[in-house]
Amino acid sequence: MYKIILNGITNKYEYDELIKVFLRPEDYILLCDSDKKDVADESEKAERLLEFDETEKNALKQALYRTLSELTGKSPEWGIHTGVRPVKLVGELLNKLGSMDKVLDTLKNFYLFNDEKISLICNTYRIQREILDTPVPNEVGLYIGIPFCPTRCLYCSFTSNQSKPDKIQEYLDALHKEIRYTGEKMKRTGMYPESVYIGGGTPTTLTAEQLNALLGEIRKAYDWTRVKEFTVEAGRPDTITPEKLHVLKENGVGRISINPQTMKDKTLELIGRSHSSSDFINAFEMARNAGIPIINTDIIAGLPEETLQDFENTVDTMIGLGAENITVHTLAVKRASRLIDLDKEFHYKQALNVKDMLALSKDKLYKQNYKPYYLYRQKHMAGSLENVGYARPGCEGIYNIRIMEEHQTIVALGAGGISKVYYPTENRLERVPNVSNFEIYISRLEEMLRRKDDNLFRR
C-alpha cells in the first residue's frame, strides 16, 4: 500500500486519474492539502510514503509519472495526458508553437507520449485537416437520441432502455415536438445543420413506420440545403430489416453503423447481445443490397474470454466485407455497466491483451488502406488505451470529427442529449443538457425547450 501526498494541492482528481494508470485503487491512498488531516488515521496502514511538493500541474504529473514508472516498471503510452481528446491537443499545440517539429518535441518530452501514439494522433490530425475546414459560425451538428435497445449489453453504460411499444411512441411524440421547435428556432437564428446524426440506444429498435415518421419530421424541420452527412446508428443486427433499410435509404440516410462487436458467438452470448455472427453478416448484406453508401462496423478489443486470434478473426471479417468504416473500441468498464459488478478489475487484467489487439488491428487496417480519422479515450479503459475510427479515403464521418475537435455547436435532442454551444472568440463550450430518463424527458419537455431557448437560441 502506497501513501501518496501532494503538498500544495487542493484538488487531486486529475492526478488520481494518472495514478490509476499505474496502480489499482486499493493499492494506494492519495492525499492533498484539503483532506490530509481528515484521513490521516486511515492511511497509517500504508507501507510506503511518496511525497511531492511540486504544485505546477504538468510538472507534478511528470514527477508522478516518472516516480511511478520506476516503481512499477510500467511506461503508459499516453504519458501524462489523461484527457479524452489527444488529437485536439495536436491542433492546440500547433496553433501555439507554429511548427509540427515543435509539436512532436512537446508531445514526446513534455507530455511523455511514446512514438507510436505520437504518430497515430498526428496522422489522425492531418487526415482531419485534409477533410474539413474550420466550421463556419452558424453551421451546427445535429444529434437526435433514441434511448431504446432490445437488450442491455454487459459493458453498456449509455442511456438505453427496454420499454413497451406505447411508451416508445409516447417518447417519439415528445421528440417530434422538440424537432419541430428546434427546427423553427434554428431557421429564425440562421443556424443550419452540417451533419445529422441519429444515435442511441439503437434507433432501429423503432418500427419501420416509426422510423419513417421520425425521418420525415427531421427532413421537414431543418434546412437541408447544406447538409453534408446523414447518419443513423443501426447498431444491433437483430433490429435490422429490409423494410427499415428501405426507409433509411428513401429518406436520404448515407451512413449507418452495424455493430457486431465480435464475430465469436460465445462472446456475444456472454455479453448479452441477442444476435449471432451470422445475423450480423445477413444484416450487412441487407444494407449493401438496400444501397446504403457507407457502413461502419464497431468492434471491441478486450471482451471477456477473447483471445488475440478471436479478435483477429473479427478484424479480418470486417475487412473482407468491405466496411467503409471500422471503429476499433477498447473495452471500457464503466461504473454503470453490469461487467464491473462481475469483475471490477477486469480492465486491469486485460491491459496486455488489448495492447496486442490494437497493434494487430492498426497493422491490418493500414495495409488495407484504412486510415485513422478520429480518436478518443475514456476512463476505465483496458490498458488506458484508446478508441480509433478507421476509414477508407472519402468515407470519414464528419460528425465524429466535429464532436471530438469541439469547435462546433452541437444541437442535441431527446433524452440524454447534451447540446454544446461553442463560443469561438473564447474557444469554449457551454453544455445545455436534456434529462437522461426518457419518461422524465416526456413530462418535462417544456423545460427542455426553455433551456434551449435561454442558452442556445438567445446568444
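The values are calculated or read from the model by the stated rules, or taken from the named source; none is laboratory data. None of the values given here were measured: they were computed from a predicted structure. No Cβ is skipped: glycine too gets one built from the backbone with ideal geometry, and neighbour counts run over all protein chains shown. Side chains are part of the model used for accessible areas, which takes the heavy atoms of the whole protein and leaves out ligands, DNA and RNA. Shrake-Rupley method; radii C 1.70, N 1.55, O 1.52, S 1.80 Å.
Based on protein heavy atoms only, the stretch 338-457 ends up with 42 Å² per residue of surface accessible to a 1.4 Å probe. According to the square roots a ≥ b ≥ c of the eigenvalues of the Cα gyration tensor, what is the shape class of the stretch 342-440, taking rounded for a/c under 1.5, prolate for a/b larger than b/c otherwise, and oblate for the remainder? Oblate is the answer for the stretch 342-440, as a/c is 1.5 or above yet b/c matches or exceeds a/b. Across q = 0.14, 0.17, 0.19 Å⁻¹, the stretch 10-149 modelled as identical point scatterers on its alpha-carbon atoms has Debye log10 I(q)/I(0) values of -0.82, -1.00, -1.12, in the order of the q list. Mind running the shape call on the stretch 347-404? Use the C-alpha gyration tensor, a ≥ b ≥ c as the square roots of the eigenvalues: rounded below 1.5 for a/c, prolate if a/b tops b/c, oblate otherwise. The shape class here is oblate. Over all pairs of different C-alpha atoms in the stretch 220-344, the reciprocal of the mean inverse distance, the Kirkwood hydrodynamic radius, equals 15.7 Å.
Bridging of LYS88 to aspartates and glutamates at a Cα separation below 12 Å is possible for GLU405, GLU406, once same-chain residues fewer than 8 apart are set aside. Protein-only accessible surface at a 1.4 angstrom probe places the residues THR204, THR10 in the order THR10, THR204, largest first.
Give me the percent of accessible area attributable to carbon and sulfur for the stretch 159-250, probe 1.4 angstrom. Walk me through the numbers before you get to the answer.
On the way: 1810 of 3820 Å².
Accessible surface attributable to carbon and sulfur in the stretch 159-250 totals 47 percent.
Legend: calculated FRET efficiency, ARG458 to ARG226, from the Cβ-Cβ distance at R0 = 25 Å, rounded to 0.05, equals 0.60.
What stretch of the chain, leaving out the sites themselves, is the longest with no GluC sites (Glu not before Pro) in a DSSP loop having at most 12 other Cβ atoms within 10 Å?
Details: sites that count: GLU47, GLU56, GLU305, GLU345, GLU426.
Result for the longest clean stretch: 57-304.
How long is the gain from THR67 to GLU430 if the chain were fully straight, where each residue apart is worth 0.36 nm and the alpha carbon distance is subtracted? Kindly include the intermediate steps, with their values, before the conclusion.
Values: separation 363, 0.36 × 363 = 130.68 nm, distance 3.67 nm.
Using 0.36 nm per residue and subtracting the Cα-Cα distance, I get 127.0 nm.
In terms of distances greater than 22 angstrom between alpha carbons, the cross-link table entries LYS61/LYS362; LYS12/LYS61; LYS355/LYS379 yield LYS61/LYS362.
Multiplying the residue separation of ASN58 and ASP173 by 0.36 nm and removing their Cα-Cα distance gives an extension gain of 36.5 nm. Here the chain is treated with +1 on each Lys and Arg Cβ and -1 on each Asp and Glu Cβ, and its dipole about the Cα centre works out to around 960 debye. Placing unit charges on the Cβ atoms of the charged side chains and taking the dipole of the chain about its Cα centre, the candidate lying farthest along the positive direction among ALA332, GLN309, ALA174 is ALA174.
Cross-link partners for LYS187 among the lysines, with Cα-Cα distance under 25 Å and sequence neighbours closer than 8 places in the same chain left out: LYS177, LYS220, LYS228, LYS420, LYS452.
Between SER34 and ARG451, the C-beta separation translates, for a Förster distance of 45 Å, into a calculated FRET efficiency of about 0.85. Quotient of the Cα radius of gyration of the chain and 2.2 N^0.38 Å, N being its number of residues: 1.01.
What is the sum of charges around GLU405, taking Lys and Arg as +1, Asp and Glu as -1, for the other residues whose C-beta is under 9 Å from the C-beta of GLU405? Intermediate results must be reported in sequence, preceding the final value.
Details: positive: ARG85, LYS88, ARG402; negative: GLU406.
With Lys, Arg at +1 and Asp, Glu at -1, the net is +2.
Taking all C-alpha pairs of the stretch 168-258, those more than 16 Å from each other amount to 54 percent.
Report the gain in length on full extension from GLU92 to ILE281: 0.36 nm times residue separation, minus Cα-Cα distance, nm rounded to one decimal. Numbers along the way, then the final one.
Details: separation 189, 0.36 × 189 = 68.04 nm, distance 4.14 nm.
Extending this stretch completely gives an extra 63.9 nm.
Ordering GLY79, LEU64, ALA287 by Cα displacement along the dipole of the chain toward the positive end leaves ALA287 in first place; charges were set at the Cβ atoms of Lys, Arg (+1) and Asp, Glu (-1). With the cut-off at under 18 Å, measuring from each backbone N in the stretch 351-375 to a point 7 Å along the Cα-to-Cβ line of ASP310 picks out 351-361. Model label points for LYS102 and GLU243, set 7 angstrom from Cα along the Cα-to-Cβ axis, are 6.1 nm apart.
Based only on Cα atoms, what Rg/Rh ratio does the stretch 236-287 have, Rh being taken as Kirkwood's radius?
On the way: Rg = 11.9 Å, Rh = 11.6 Å.
My calculation puts Rg/Rh at 1.03.
Accessible area per residue was computed with a 1.4 Å probe on protein heavy atoms; TYR13 scores about 120 Å². Rg and Dmax of the stretch 67-207, based on Cα coordinates, read 21.7, 60 Å.
Of the accessible area of the stretch 395-458, computed with a 1.4 Å probe over protein heavy atoms only, carbon and sulfur atoms account for 46 percent.
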